[in-house]
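Below you'll find the structure I mean.
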Amino acid sequence: MARLSARPLLRNGNFLLLTSGQVVSSAGDQVQDFALLLLVLAMAGSSGQAGLVLGLNSAAFLLSGLFAGALVDRWDRRRTMVWCELGRAAAAGSVAAALWTGRLTLPHLYAFAAVGGILSSLFQAAGTAALVNVVGPDRLPAALATTQGVLGAVRVGGAPLGALVQAAGRAVPFAFNAASFLVSAVTLRLMRASFRTRRPAADGRSVLADIREGIGWLWRRPVLRLLLLAQTADTLRYGAGYLVIISLAQAAGASPVQIGLVFTGAAIGALLGSLLAPRAAARLPLGRLTVLMLWVEALTFPLYAVAPGPLLLGVVAAAESVIAPIHSVAISSHRLSTTPDRLRGRTSAAVQTLTAGALSAGAALGGALVAVLGARATTLVLAGWLALLALSVTASRRVRTAGSGGSFAGPERRDVAAHR
């Protein structure tokens with residue numbers, strides 16, 4: 001760990017291999033997601049069917065998440081990630097082959113979405129748990145920020161790339177994504193890093209007992225627990241805000257291209273935040289960053305309601321999106337560096353499942369609120385939610401002072417030392 005922490009990221013070949021594989025795989029996902037919506041709409045003629053395919057993918061991710069975390073703490077993490085990429089390549093390739101032969105059916109797409117969700121949950125849990133062992137704890141904030149930044153850059157160019165590949169034929173995006181998964185699998189196989197400190201001993205416990213241990217470890221850490229609850233509450237608003245912003249843009253007469261540019265503005269803001277994250281996370285304590293993020297969002301979000309057109313909506317989206325990546329890097333770095341290696345898969349999966357669930361619930365809530373109150377009124381309701389959340393976090397001394405004066409040198413640090 002000490003040798004890894006002393007090595008700059010650009011000289012860490014294992015990190016470069018891991019990141020390059022994820023970039024290629026993410027680009028393939030961007031291309032495929034664009035094509036999948038168009039394909040389902042063309043086959044079924046119903047936006048409800050498109051929503052069902054996406055819903056199956058999200059449901060499979062959520063339902064398998066906790067089990068995935070327990071399994072990657074038992075299995076070889078790198079081998080698990082390789083097999084996940086091969087499985088996702090086979091799934092995407094099967095859709096491409098069915099399109100080429102004219103045999104694709106909607107049940108095939110439903111199965112494809114469900115399998116993709118399960119394999120994604122395993123891959124993410126294993127990759128997040130392994131990162132500390134690839135770069136070392138001192139390089140973790142920079143590694144998270146770099147990964148977050150390059151994937152954000154891929155998302156900025158995802159729609160144009162998706163449209164370009166889609167123009168080559170309906171099957172091409174799925175074949176493109178299958179190839180991207182194979183590239184990711186190869187980069188993982190080329191890595192020489194250990195993805196865990198030591199192989200866990202078989203103790204005969206059930207997977208459910210392992211899940212309870214991981215959740216229990218998180219729950220018994222009051223600072224982590226409170227920060228995670230605040231993060232989840234903020235993610236709930238984020239899920240609702242996505243539909244609200246689209247509704248506001250449509251009400252302002254924005255075209256689909258202009259709506260896309262609004263979210264491009266958000267992606268650019270997030271990319272800037274990722275560039276600033278390592279230095280900001282090193283200078284500002286985690287509790288102070290949490291308070292700052294929530295107040296920035298609470299004061300910025302109401303501006304969506306008064307922005308007169310898509311250009312200013314994009315400016316607001318960019319401004320609001322800068323702080324979240326900084327906080328994400330800080331809280332993820334702290335959680336991963338203080339969690340014993342044997343529990344990192346389970347705790348990472350628990351966090352991913354909770355936040356992904358909040359995102360889905362927020363999207364459903366946002367749709368209901370817009371239908372009842374309208375987009376502008378819903379914007380103000382969500383702004384009020386953010387203000388209440390910011391006030392609650394500011395009033396909590398435990399959260400406000402987290403990371404100041406060694407406030408993390410408690411049970412989390414002792415657990416890490418005990419399991420090294």
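Report yes if P141 is of a type outside the set (A, V, I, L, M), surrounded by fewer than 19 Cβ atoms within 10 Å (Cβ to Cβ) and either in contact with a Gly (Cβ under 9 Å, 6 or more places away or on another chain) or in a helix (DSSP H, G or I) (or both), otherwise no.
When the stated conditions are applied, P141 does not pass them.
Yes/no matrix, rows are residues, columns are (1) touching an Asp or Glu at 6+ places or on another chain (Cβ under 8 Å); (2) surrounded by 23 or more Cβ atoms within 10 Å (Cβ to Cβ); (3) outside any helix (DSSP H, G or I); (4) modelled with pLDDT of 90 or more:
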site	(1), (2), (3), (4)
P308	no, no, yes, no
L311	no, no, no, no
A318	no, no, no, yes
H327	no, yes, no, yes
R335	no, no, no, yes
R342	yes, no, no, yes
G345	yes, yes, no, yes
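Quick one: count up the residues across the range 154-169 that are in a helix (DSSP H, G or I) and without any contact (Cβ under 8 Å) to a residue 12 or more places away in the chain.
Qualifying residue count, the range 154-169: 2.
Sticking with this one: Give the residue that is farthest from the chain's Cα centre (by Cα), with candidates limited to residues of the range 359-396 that are of a type in the set (G, A, S) and buried (at least 21 other Cβ atoms within 10 Å of the Cβ).
Per the stated criteria, the residue is A375.
Quick check on the range 170-178. Is at least one of its residues free of Cβ contacts under 8 Å to residues at least 60 places away in the same chain, over 24 Å from A125 (Cβ atoms) and not in a helix (DSSP H, G or I)?
No - not one qualifying residue is present in the range 170-178.
The values are calculated or read from the model by the stated rules, or taken from the named source; none is laboratory data. Note that the structure is a prediction, hence the values are computed from the model and not measured. Here the Cβ is made from the backbone with ideal geometry for all residues, glycine too, and neighbour counts use every protein chain on show.
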